[in-house]
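Down below is the structure, laid out as structure tokens.
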Amino acid sequence: MNEKYFVQVGYMYLDVVVNHMTGVHKDNKGTGGSTADFNSYNYPAVPYNDRHFHNPHCEIRNYDNVSEVRNCELLGLKDLNQTEEYVRRQIVRFLNKLINLGIAGFRIDAAKHMWPNDLSVIYKLLNDLNPEFGFPLKTKPYIYQELIYHGGEPIGPEEYMLLGDVTEFRVGTELKNVFRGNNAMKWLISWGEQWGLLPSESALTFIDNHDTQRNDDVLTYKESRTYKAATAFLLAHPYGKPRVMSSFFFDDKEQGPPSDSNENIISPSINNDDTCGNGWVCEHRWRQIYQMVAFRNAVSNTKVDYWWDNGNKQIAFGRGRRGFIAFNGDNVDLNQTLQTGLPEGKYCDVISGKKIGTKCSGIVVNVDRNGRAHFYISVNAEDMQIAVHVGTEVRNCELSNLKDLNQGSEYVRRQIVDYMNRLIDLGVVGFRIDAAKHMWPGDLRIIYSRLRNLNTEHGFPSGARPYIYQEVIDLGGESVSRLVPGQF
């Protein structure tokens, strides 16, 4: 596979294991062909030998002993000594190679089993992200660290938060209790740090992961209705940095991904409704989840507003003037007219359907000029939530019934550029771009880049660019705000 294409599909954050090597196995040959002598701690492909591991060798038995947790073997896995300069160099070399290939960051497996100072030294030696893959210059890799913490242990997340973000496992535990109905939804009004969770700016949040869905009592795809609702809340609320799961079906917790008789992993097939087949769950392709990612993007940098609850298991809240979501986890229908804070208009519920052209395949929510809308969620509805948000209509639909050009079309771009360049040739010094907020910034950027320099025959200096200012009516609280200064 072309490595550059592979990483340009999207930002990739790799799960890296640098705390330890392997356990003891009957077969000493890895999938890449490397070998090892487990009993002598000899890994020639790196190479590592016994002096690169913590000595004397020991197993973790007491999690109240900090040195034992960090210097002894986790589940019999050979524990590397990251204090050793040679080990640090090998880890840094490995991570920098991945950065050079276009990786955007790392999940650091088993971070609590390594000394924070050792990790700090390693992180400082990492290269900036590779600008050949579209990253801005001097951008550092994003790091989040796996630290399983439920309270009452001497090793806590505070030691690691200054180094990078930290996984907040308690989010999945708490939301499981709420969305299974064991805790009233009304208490989510204080969701976040007031629940004893990590500071929002440091928390990597999730409902389940590859470990907990097999070993812990958490929500998974096997409780799809409840799982979708909990994930919707995770994405709708501003707390933390949410991570969405994507997995495969399994019955046995030791079961691997779908594969053929030669143990080659089988690719998922894609169904007509965007979901996966061939044994793959692909939660990230469920409509109720991927459209909530769009919801989160639409409401970014807004706070929770317009909270409502029925005193029990029905809640609703807005995000500024950009989005609104309602949940019914109760044993009675939700049937309420609520203040949403949204601009007047018709909105397509992103849970029950999606926009197809100018039509909505799901529930349509009508917001009146006062920002109020009626919501109805039956106890027996397919999903226990309705979510609406402002979106691409601002840029893709007609303004006051004026026929809306598609500046994403190459033909349209050429016509616009030719028109503006003719004006430049006539001596025009610049342009006011009418209704700029109703065009995509990326399309405008391309158009502006193709404009000629000002015509020197009219007295302009050689190389002078046309002056451009753009009409963006922004009174605050809208999904499309001012264009970033210097963006063009």
(message) Criterion first (in the same structural domain as T139 (by TED's automatic domain parsing), outside any loop (DSSP other than H, G, I, E, B) and of a type outside the set (A, V, I, L, M, F, W, C)) does Q82 satisfy it?
(response) no
(message) Just checking, does segment 249-257 include any residue being within 23 Å of D15 (Cβ to Cβ), modelled with pLDDT of 95 or more, of a type in the set (K, R) and in a loop (DSSP other than H, G, I, E, B)?
(response) no
(message) Against the condition among the basic types (K, R) and buried (at least 18 other Cβ atoms within 10 Å of the Cβ), how does K112 come out, does it pass?
(response) yes
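Helices (runs of 4 or more DSSP H) wholly in segment 138-238 with at least 1 residues that are touching a Gly at 6+ places or on another chain (Cβ under 6 Å) and hydrophobic (A, V, I, L, M, F, W, C) - which ones?
Result: empty, no element qualifies.
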(message) For the list (1) closer than 23 Å to G192 by Cβ; (2) not in a loop (DSSP other than H, G, I, E, B), I need the number of the one condition that R321 fails.
(response) (2)
(message) Going by what's in this entry, would G277 be described as at pLDDT 95 or above, at positive phi and not assigned by TED's automatic domain parsing to the domain that holds G320?
(response) no
(message) Among the numbered criteria (1) surrounded by fewer than 14 Cβ atoms within 10 Å (Cβ to Cβ); (2) within 30 Å of P199 (Cβ to Cβ), which one does V92 miss?
(response) (1)
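For every residue, the table says whether it meets (1) in contact (Cβ under 8 Å) with a residue 40 or more places away in the chain; (2) more than 21 Å from V299 (Cβ to Cβ).
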residue	(1), (2)
R319	yes, no
R322	yes, no
V332	yes, yes
K359	no, yes
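Can you find even one residue in segment 93-115 that is in contact (Cβ under 8 Å) with a residue 12 or more places away in the chain, in a loop (DSSP other than H, G, I, E, B), over 32 Å from the mean Cα position of the chain (by Cα) and within 28 Å of G152 (Cα to Cα)?
Within segment 93-115 (the criterion being in contact (Cβ under 8 Å) with a residue 12 or more places away in the chain, in a loop (DSSP other than H, G, I, E, B), over 32 Å from the mean Cα position of the chain (by Cα) and within 28 Å of G152 (Cα to Cα)), the answer is no, since none of the residues qualifies.
Just one of D15, D37 is under 32 Å from the mean Cα position of the chain (by Cα) and in the same structural domain as L204 (by TED's automatic domain parsing); which is it?
On inspection, the qualifying residue turns out to be D15.
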(request) Residues being at positive phi and either touching a Pro at 6+ places or on another chain (Cβ under 6 Å) or in a helix (DSSP H, G or I) (or both): count how many of those fall in segment 431-452. (result) 0
(request) Kindly indicate the residue of segment 303-340 that is among the small types (G, A, S) and within 30 Å of the chain's Cα centre (by Cα) and also modelled with the lowest pLDDT among those meeting that condition. (result) G320
(request) State which residue pairs qualify: first residue closer than 17 Å to G353 by Cβ and assigned by TED's automatic domain parsing to the domain that holds P343 and inside segment 365-380, second residue at pLDDT below 95 and of a type in the set (K, R) in any location, beta carbons under 6 Å apart, and separation of 6 or more residues or different chains. (result) N366/K346
(request) Would you mind stating whether Q385 is modelled with pLDDT of 95 or more, more than 27 Å from the chain's Cα centre (by Cα) and surrounded by 15 or more Cβ atoms within 10 Å (Cβ to Cβ)? (result) no
(request) Within segment 20-28, identify whether any single residue is in contact with a Leu (Cβ under 9 Å, 6 or more places away or on another chain), in the same structural domain as Q145 (by TED's automatic domain parsing) and part of a strand (DSSP E or B), and answer yes or no. (result) yes
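A quick yes/no check of all residues on (1) of a type outside the set (K, R); (2) farther than 19 Å from K176 by Cα; (3) surrounded by 12 or more Cβ atoms within 10 Å (Cβ to Cβ); (4) in contact (Cβ under 8 Å) with a residue 24 or more places away in the chain:
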| position | (1), (2), (3), (4) |
| --- | --- |
| T226 | yes, no, yes, yes |
| S246 | yes, no, yes, yes |
| P257 | yes, yes, yes, no |
| D260 | yes, yes, no, no |
(request) Would you mind telling me which numbered condition in (1) polar (S, T, N, Q); (2) under 23 Å from R285 (Cα atoms); (3) surrounded by 21 or more Cβ atoms within 10 Å (Cβ to Cβ) T212 fails? (result) (3)
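The values are calculated or read from the model by the stated rules, or taken from the named source; none is laboratory data. Everything numeric here is computed off the predicted structure, so don't read it as measured data. Positions of Cβ are generated from backbone atoms using ideal geometry, with glycine treated the same way; all protein chains shown enter the neighbour counts.
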